[in-house]
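Written below as C-alpha cells is the structure these notes are about.
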Amino acid sequence: MNNIHPILFIRNISHSLFIRLIAGFLCIVIILVSLTFYAISISKENVRQEVVKYNTLMLSNARDSYEKHLDLIRKQMVLFFFSEEVQLMAKKTNYVNLSLIQKSITTWTTNPYLFIDNILFYSKRDELVLEKSTSTNADLMFNVFYRSNEYPIEFWRQQFTESDSSRVLPAVNISNYMFRDRPQLLGKFIPIVIKNQENLDFYMVVFLDAAKMYKAFHQGINDFMIYDSAGITIFKSVNEESFNDFKDWQKKGNAFIQDEKYHFQTVGDGTGFTYVDRVPVDQIANQTRLNVTLVVMIVTAITLSVLFSFLFAARINNPLKKVIDSIRQMNDNVPFRSSIKEFNIISDNIQDNQLILKQFSFINRVKAIRNQNPDTLKQEFVNKPFVLILFQIHEMSDVDNVQAALLQNWLYYCKIYIESQIKPAFADSLTFQIERNQILSLVYSEQSAEVLELLVQIKDVFNHDKEHALVTMALTPVYSDLAQLTKAYAEAQELVGERLLSNESQIIQKRITQVAIGFSADQDKAFAIHLKEGNTSQLLELMERVFGKWKGKELPAAAMMRFADSMIGKIRNTMLPNHLDPDRLESILSKAVERIQRCSTVPELERLMLEWVTQTADAVHEKKQEKYPITSMAIDYINEHLAEEIYLDVLADKLKMSSSYLSTYFKAKTGKNIVDYINETRIDKATVLLADNQMKIHAVSKAVGYQNVASFNRMFKKYTGVTPSEYRKRNEMSS
C-alpha cells in the first residue's frame, strides 16, 4: 500500500495545471532553440549566396532598364531627327520652321519618364545651334549656356568629321556661365549624338539626365559604373574615387573580389555596355558572420525563457483558481469584483449576457413575440403600476455610412444618459434600445406627473443637439398590471405619431384631434388642370390657399407628411405618361420620400411641396414652349378658326400630310391628342368669355365653335367639372 502513494502523487502532479504549463513552456523553448541552431547552421552559407544573388539580380535589373531606355531614346530621337521639320532645317534655316522644332523639343523634354533635359541641333553651315529655349551660335551655346570642361566647342566641331550615325558619350557636368563669377551647374548629362550619313554638316545631341536615370534604374547604395565596349567610362556614381582598369575586370567573370571589394558585372545586348556594381567585402561578410554577441544573446534568451516559463505558469495557474472560486460564488445582481483584470472581464461579460437576455425577454413581452429558443432564460419583472416612455429619434440630415455610425454612437450615449436620469429617481426602471431609432423605458410609478417633470429636464438637454437629431418622447398613462405591457407599447407608438412639425424635441401625452388635410374635389381637379398646362402662378395660389387652412392649428406631423406623400402621387399621375419626360420628372422628385422625412418644421414641408410643384409646372411650360413648325402651324390654324368647324382632314391637307400622321406627330410633340387640344382651347376661351355677364351662354357656345349648346355644356363640364352656368355663378360669388 505504501508503494502506491508515490505513484498516486506523481499521477496527481501530472494532472496539475501548473506542471502541464511548465512542461508545455519548456517543450516550446527546447523546440525553438533547436530550430534556431539548425537554421543558423544551414543558412549561414546560404545567406552569403543569397546576398551575391541579390546583388547580381539588382544589377541585371539596372542593366535591362538602361538598355531599354537607351534603345527607346535612340529610336524615338532618330524618328525626330529624320522628321520633315528637322530635315528642312538641315537644308536651310527657316525661323518659322525653328519655332515648330522648338515646340517638339519642349514636348520631349517635359516628359518626365524620358529623362531628357535638352535636345540640340547643330548646323555647320551657319554655326547655328537650336535648343528648347533659344537659337544661338555655337560659341555662345558651348562656351556659355552649355559649357563643360570635357566637351569644349572644338569637341563639338570635331563631331562633323566623325562618321558614326549615333554615339553615346560619357556623362559630364554641364554648367551655365551667364555670370562668369557664379557659374550655375545644370546637372550631370549623358550626351547622345545622332547624325545622317548623307549630311555630316548637321547633327543632333540629346542630353539625358544621368542622375535621374541612376535614381530611377539602380536600386541600392552600391558603387555603380557603366563602360562602353572600348572600356571608356560612360557613367559612375562615385566621382571622387578612381576605378581600376576595365580590361583586367573582363578576364575575371561576372562576380569576383578585388581590392577588398565584391565586383558584379554584366553586359547589355543592345549597346554592348558593361554595367558594374561594387560592394565592400565587409558588408557581405557582416551579414553572414555568427559573432560572439549573437551566441551570448541566444544563451541568455534560453535562460530567461526557462525562468519566465515558471513565472508565467504560476501567474496563470493562481488566478484561474480564484476565477473558478469566484464564479461559483457569483451574485446574479452584483458581479463579483477582483483585482484580477481577466476575471473582471469574464464577470462583466457574464453580467452583459444576463442584461442582453433580460432585454430580449422584455422586447418579447412588449411586442408579444413568442420565444422559440429554449436556451433563453425566462426573466421575471416586477408587477406593479407603471408607465412607458418611448423615445423616437428623428434624424435631421442625410445619413451616409460614417454618419450612421456616429448616430448609432449618439443613440448609445442617449440611452446611457436617459438611464442615468431615470434610474436614480425610479430605482426599478428599465431602459432598452428596442429599434435602431427607438429607446423604451419602463418606469414603475403611480403618478405620471413626476415622470413628466423629469422628461422636461431631459428634453432641455436633447434640444442642445437639435441640429443633428430631434427626440419625441411619448409618455403613456399609468397602467396597473404588467400584463398590459403590449397595449401600453402600442399606445406609445401611436402617441409618437402625434408629434408636431417643430424644430425642437417634444413630449407627447395625448392625441391631437384629427383634422382633414388635403385638397377638396374642386381643388384636386384644378390642381391637375393647372399642372398639365404649366400654370405656375395659379398652382402657387392654390397651394397657398391650402396652406392657409393649416395656420393656427396643431396638425400631427404624420398627417402632414402623408399629404406630402400624396402630392408625389398626384404629380406622377398627372404628368405620366405624356405630359413630361419621365427622366425630367424623376430628377424633380429625386429622393422625395427621404426629403419629406427630413423636414422638421411646417415651413420646410411647405417649401418642399412648392418646389416640386413649381419645377414640374416650369418643366411643362418649357415643353409647351418648344417650337415645331408643324405643331405651330396647326395651333395657329386652330386659334384662327376656333369659332368654326375644324376638320382634321382639312387641317392635314393644308399641312400636306395624312390625318393619321398629323395626329400622331402632334401628340408626340405636345403630349396631347389634337382633338383634345381643340376642345381644351375652346373651353379655356369659353371660361374667359363667361366672365362677361352680358354675354349669353349660347353666344359663348357659338363663339368657341360649339353650335349645339348641349354639346357645349357636356364638354365644358368634362374639362372643368362644372356646367357653364355653375361656373359663372362661382365667379360672381368670388367677385
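What follows is calculated from the coordinates using simple rules that are stated; it is not laboratory data. The model shown is predicted, which means the values in this text are computed figures rather than measured ones. Positions of Cβ are generated from backbone atoms using ideal geometry, with glycine treated the same way; all protein chains shown enter the neighbour counts.
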Item to complete: Show me 724-732, 59-67 ranked by packing, highest mean number of other Cβ atoms within 10 Å first.
Response: 59-67, 724-732
Worksheet item: For the range 554-709, what is the relative contact order in percent, using Cα pairs closer than 8 Å and at least 6 residues apart in sequence?
Response: 20 percent
Worksheet item: What shape does the range 80-161 have by the C-alpha gyration tensor, where a ≥ b ≥ c are the square roots of the eigenvalues, rounded means a/c under 1.5, and otherwise prolate means a/b greater than b/c and oblate the rest?
Response: oblate
Item to complete: Provide the packing ranking of 456-466, 127-137, i.e. peptides ordered by the mean count of other C-beta atoms within 10 Å per residue, highest first.
Response: 127-137, 456-466
Worksheet entry | Label-to-label distance, nm, for residues given as Asn463 and Val306 (7 Å Cα→Cβ offset) | 7.5 nm
Worksheet item: Gain in length, Leu610 to Val33, computed as 0.36 nm per residue apart minus the alpha-carbon separation, to one decimal in nm?
Response: 199.7 nm
Response to the item:
Pairs over 28 Å Cα to Cα, from Lys654/Lys718; Lys656/Lys718; Lys132/Lys212, come to Lys654/Lys718; Lys656/Lys718
